[in-house]
Amino acid sequence: MSGIKPKRVMVFVCVMATITILIYSAQSHREQQKAATVVQQQRTVENEAAARKVMQDAVAERAQYLARYVNNGFSRTPGSETIAVAVASENGTLNGNVTSALVNRLQRVSVRMLSPFFKPEFVSDGLFQEIFNGSGQPIEKLGLKNTIDGVVLAQQSVQYAQNTALENVITATMQLKVAVVPVSGQGDGKTWTFTAYGPGFTKEVARQAAEERLIKQIASDTRISLAAITSNH
């Protein structure tokens, strides 16, 4: 009996050691799986937070971009075309007087004319010129299709000439090129040109006289229309 006991003890010890190792291995494996799961969950949370941050930054950047060029608070009116109007003067600023003249000339019951819709940066940063030259990229970047149906853009230019035979009277020749552009991309825009002359003993007086005559031309004009926009709706 005494010779057998040590063997039994050894077997017992080996069995217990094996069981202990198996239990430890299983626990270690579960802990590793649990740790891996925690790490994966943490990474998922971090990735989701990063994605939200990217989206929030993109939304904020988009809002900042739009706020630089377009005034808020405008929306479409059901049953009518919504059209933004902007006139760029020869010095790269918005001209409110000529804009008002175009709005008054083109206003209809079924048309809503928006002014001021664009901010001065729309002209100074070159977006006005791009659209005026036929580019649709600024229209897409500003999302104008979601807000308006078309734009009326007009560009002023002035040249001065001095007549020495008439006591150095200065003549201002003012030209206004008007473009009516649908923002939907369907159909072609239309353009018209107005020319007016103004005399004065200074450039400022001559320019003002020319602009006053230009505004009178716009008020009595029968050529310009919004057909390029309204015919597409």
Pairs needed: first member in segment 157-181, loosely packed, with under 13 Cβ neighbours inside 10 Å; second member anywhere, small (Gly, Ala, Ser) and in a strand (DSSP E or B); C-beta distance under 8 Å; at least 6 residues apart or different chains.
Gln159/Ala172
Can you list residue pairs whose Cβ atoms sit under 6 Å apart, with the first residue in segment 103-123 being closer than 11 Å to Val152 by Cβ and the second being charged (D, E, K, R) and not in a loop (DSSP other than H, G, I, E, B)? Count only pairs 6 or more apart in sequence or on different chains.
Val111/Glu81
Listed residues Leu94, Leu106; which is in the same structural domain as Ile148 (by TED's automatic domain parsing) and touching a Pro at 6+ places or on another chain (Cβ under 8 Å)?
Leu94
Looking at Val85, Val54, Val59, which one is within 24 Å of Gln155 (Cα to Cα) and under 20 Å from the mean Cα position of the chain (by Cα)?
Val85
Which numbered condition in (1) surrounded by 13 or more Cβ atoms within 10 Å (Cβ to Cβ); (2) over 30 Å from Glu212 (Cα atoms); (3) in contact with a strand residue (DSSP E or B) (Cβ under 9 Å, 6 or more places away or on another chain) is the only one that Asn95 fails?
(2)
Would you pick out the residues in segment 207-227 that are surrounded by 19 or more Cβ atoms within 10 Å (Cβ to Cβ) and modelled with pLDDT under 95?
Leu226
Assigned to a helix (DSSP H, G or I) and within 30 Å of Ala209 (Cα to Cα): does that describe Leu66?
no
Index of the failed condition, Arg112 passing every other in (1) assigned by TED's automatic domain parsing to the domain that holds Gln159; (2) assigned to a helix (DSSP H, G or I):
(2)
Gln129 meets each of (1) buried (at least 19 other Cβ atoms within 10 Å of the Cβ); (2) in a helix (DSSP H, G or I) with one exception, condition (1)
Could you pull out the residue among Asn71, Asn104, Asn47 that is out of contact with any Asp or Glu (no Cβ under 9 Å at 6 or more places or on another chain) and farther than 30 Å from Asp149 by Cβ?
Asn47
Do you know which residues across segment 80-92 are part of a loop (DSSP other than H, G, I, E, B) and either surrounded by 15 or more Cβ atoms within 10 Å (Cβ to Cβ) or among the hydroxyl-bearing types (Ser, Thr, Tyr) (or both)?
Ser80, Ser89
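The values are calculated or read from the model by the stated rules, or taken from the named source; none is laboratory data. The model shown is predicted, which means the values in this text are computed figures rather than measured ones. Note that we place each Cβ from the backbone using ideal geometry, even for glycine, and neighbour counts take in every protein chain shown.
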